[in-house]
1. With the condition being of a type outside the set (Phe, Trp, Tyr) and surrounded by 21 or more Cβ atoms within 10 Å (Cβ to Cβ), I'd like the strands (runs of 3 or more DSSP E) fully within region 73-132 carrying at least 3 qualifying residues.
2. Hey, could you check region 54-72 for residues that are over 17 Å from Gly104 (Cβ atoms) and of a type in the set (A, V, I, L, M) and say which is most open to solvent (accessible area, probe 1.4 Å)?
3. Counting only residues that are touching a strand residue (DSSP E or B) at 6+ places or on another chain (Cβ under 7 Å) and not hydroxyl-bearing (Ser, Thr, Tyr), how many does region 1-31 have?
4. Output the residues belonging to region 1-58 that are among the hydroxyl-bearing types (Ser, Thr, Tyr) and free of Cβ contacts under 8 Å to residues at least 24 places away in the same chain.
5. If a residue has to be of a type in the set (Ser, Thr, Tyr) and part of a loop (DSSP other than H, G, I, E, B) to count, how many in region 133-162 make the cut?
6. Give me a count of the residues in region 1-53 that are open to solvent by 10 Å² or more (accessible area, probe 1.4 Å) and under 10 Å from the mean Cα position of the chain (by Cα).
7. What number of residues within region 54-86 are within 14 Å of the chain's Cα centre (by Cα) and at positive phi?
8. Taking Glu75 and the conditions (1) farther than 16 Å from Ile6 by Cβ; (2) free of Cβ contacts under 8 Å to residues at least 60 places away in the same chain; (3) out of contact with any helix residue (DSSP H, G or I) (no Cβ under 7 Å at 6 or more places or on another chain), which numbered condition does it fall short on, given that it satisfies the others?
Amino acid sequence: MKKIGILSDTHSHWDDRYVTYLECCDEIWHAGDICSTELAGRLAAIRPLRAVCGNCDGGDLRRMFPEVLRWRCEEVDVLMKHIGGYPGHYDPSIRRQLMERPPGLFISGHSHILKVQHDPTLGLLHINPGAAGIQGWQSVRTLVRLTIDGSRFTDCEVVELS
């Protein structure tokens, strides 16, 4: 069983509440637009960090993190990409990979729009944790926490960083 903290689109913004909400997690997953190697280091100091680079991430972050990341957490196949779209409207850059070999969990960012949505066509859970940073048009900053227990998702919660 693993408790996961998922965030995206921090855009170099550090919030001390990241520690408060993420230190209880086993891992932190960042879906891109970190925009600062210092911020990546601070997150990794809380818990082990898995991340992908986003369209606003520079060369150092692109060397640290891939554009697409796929791995297993417990019994769940996880796929993460910054620009990914959402069920029924997946981005062309990832659509083929999703259709040919659907993961159990697909995580994306970029839109700054919080979505936790089941895709019945592909049989996967899609999570966009919204934006945890202050850059952008969102009125509420968010991150998501959930537990992966074997092949089950439990205790999914949205944390608002208003």
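1. On the way: elements: 76-81, 105-107, 114-119, 124-129.
So the answer is 76-81, 124-129.
2. Kept after step one, since they are over 17 Å from Gly104 (Cβ atoms), are these residues of region 54-72: 54-67.
Next, only the ones that are of a type in the set (A, V, I, L, M) stay: 61, 64.
Details: Leu61: 7, Met64: 97 Å².
So the residue we want is Met64.
3. The number of residues fulfilling the criteria is 16.
4. Thr20 - this is the single residue of region 1-58 that is among the hydroxyl-bearing types (Ser, Thr, Tyr) and free of Cβ contacts under 8 Å to residues at least 24 places away in the same chain.
5. 3
6. 1
7. Residues meeting the conditions: 1.
8. The one condition Glu75 does not meet is (2).
The values are calculated or read from the model by the stated rules, or taken from the named source; none is laboratory data. Fair warning: this is a prediction, and the values are worked out from it, not measured in the lab. For neighbour counting, all protein chains shown are included, and Cβ atoms are generated from backbone atoms with ideal geometry for every residue, glycine included. The accessibility values were calculated without ligands, DNA or RNA, using every heavy atom of the protein model including side chains. Shrake-Rupley method; radii C 1.70, N 1.55, O 1.52, S 1.80 Å.
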